[in-house]
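Have a look at the structure below, then the notes.
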Amino acid sequence: MGFTIFFAMNKKLSFIALAFLLGMSQSWAVDPRIEQGARFEAKGQYDKALGEYRAMLAENKKNTEAYMAAGKVRMKMKDYKGAVANFRLAYGYDPSLTEAYEGAAKAYEAMGQQAKADAERAKMKGGKAAAKTETAKTETSAPKAEVAKAEPAKTQAPAKATQPAQQAAPAKTETPKAAQPAQVSATEDPFEKGKALLAEGRYAEAAPLWRTVLSKKPGDAGAYFYAGLTRYEMGEYDKAEFNLKKGLSYKERGNDANYYLAKINQKSKHLDLEKKYLSAYLKKAAPDAKFRKAAEDRMAEINAVANAAAEEKAMKEAEAKALKEAKKTGNDKARSVETAVSSQNNEVAPTATNSIANANALYADGYNEAALQMYKALLENEITPDERYFAMLQMGNIYREMRDFHSAVTRYRDVVREFPDSDWATEAERALEDAVWLEKHASELPRNKR
């Protein structure tokens, strides 16, 4: 009987231990979306990484791990305001996250706001405890002063000791009464509360407050400006543009609306409108204005691109004009060269023997099309593996010179896949990386002059 009771107790304990271990293992398990987000981040695919973290926050808006990861991604994207917002939310839900305070501080430093960075680090070092002690000191400082006044009174006479106490009593009631109305009025004012929430990165909470202000003060330019700024920070650019245009007349920061409108048009690639709003901002901005340096840099960038495009257009027009004049005067040297090249391309391939040596000679002499056709003909015949991968490598080189980067990538990739142990595999890998980059940035590359 005793044995069965002992066995039953052990069985219950084992089940409890097993359940405990399962619970612990689940709590220690890393969300796979964190790992997937890290992989996207490592590849530079920041939007996809943020998508993983948003999915986590949709399930649990207090997930500090997701906020931290999103903050780090925002730092890499140089979206420092977004980084601050995420780090603050992280330590807001878990004040023990020192890494979140440090992250917010570094984001402020990146924006050149050292004072705010120091304030974040002060929170990490015990700012909250310091605030509590300061309030405690202010509460106890008045009684200490009263005791200091009362002690000498005790030595003199009991009647005098009661007088300072009676005088100190109204001092206690006066200070909080003076402070309370100021605090209540500040928190009750939706405009000031909205500005405070916006500064803390709590955009979703700030957004409805501007509607409250506008319901009480229709047409208020300040409310429209901050409503537009809030929507801008939330990524709702259509709504931001609508509100910012109505906030241009805001006396305090109306000119900043021009800068944000320029940023919105930059994102939508409306270059003329972007330039218009930048010009309007720079016309009114003071020399030490917050966005002046950024606006000047962006305007210089726009002008540089426009000048380069104008120069290229002028050069092409000059070349076309010179060629036209040369043809008019009877100088058809360019035409004779073109006919000679075309005749060689047409004649060499059929008459010359298809061989690697002949194809190489054509390529070396600049007859790219003829060499390409000969390499293709060689691949259709039975040739040695060494000749085959070399011909494919040369075809990739020709395609790259002809700016057909997609075909070049295909040929280089075939060499790497089909002949990984060949003598030219390393060269093909290097050329493949180069061609992939060229294909992605083809529109940015200068074209060869002819």
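No value in this document is a laboratory result; all are computed from the given coordinates. All of these numbers come straight from a predicted model, not from anything done at the bench. For neighbour counting, all protein chains shown are included, and Cβ atoms are generated from backbone atoms with ideal geometry for every residue, glycine included.
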query: Where the centroid of each part is defined by its Cα atoms, how far is segment 367-425 from segment 248-309 in Å?
result: 49 Å
query: What list do you get for Asp434, Asp220 if you sort them by fewest beta carbons within 10 Å?
result: Asp434, Asp220
message: Using C-alpha positions alone, give me the convex hull volume of segment 191-285 per residue in cubic angstrom.
response: 85 Å³
task: Using amide H atoms built 1.01 Å from N in the peptide plane, name the residues 5+ places from Tyr367, or on other chains, whose amide H lies under 5 Å from its own.
output: none
task: Tell me the label-point distance for the pair Arg211, Lys313, using the 7 Å Cα-to-Cβ offset, in nm and rounded to one decimal.
output: 4.6 nm
- line: Residue span Gln113 to Ser355: 0.36 nm per residue of separation minus Cα-Cα distance leaves a gain in nm of 80.3 nm
query: Rounded if a/c is under 1.5, else prolate if a/b is larger than b/c, else oblate: which is segment 24-120, with a ≥ b ≥ c the root eigenvalues of its Cα gyration tensor?
result: oblate
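Taking a threshold of 31 Å on the Cα-Cα distance, which of the pairs Lys106/Lys195; Lys216/Lys293; Lys316/Lys376 fall above it?
Lys216/Lys293; Lys316/Lys376
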field: Rg and Dmax [Cα atoms of segment 373-438; Å; Rg one decimal, Dmax integer]
entry: 11.0, 33
statement: In this structure, among Lys251/Lys283; Lys43/Lys440; Lys76/Lys123; Lys48/Lys263; Lys193/Lys217; Lys283/Lys313, pairs with alpha-carbon gaps over 20 Å are Lys76/Lys123; Lys48/Lys263; Lys283/Lys313
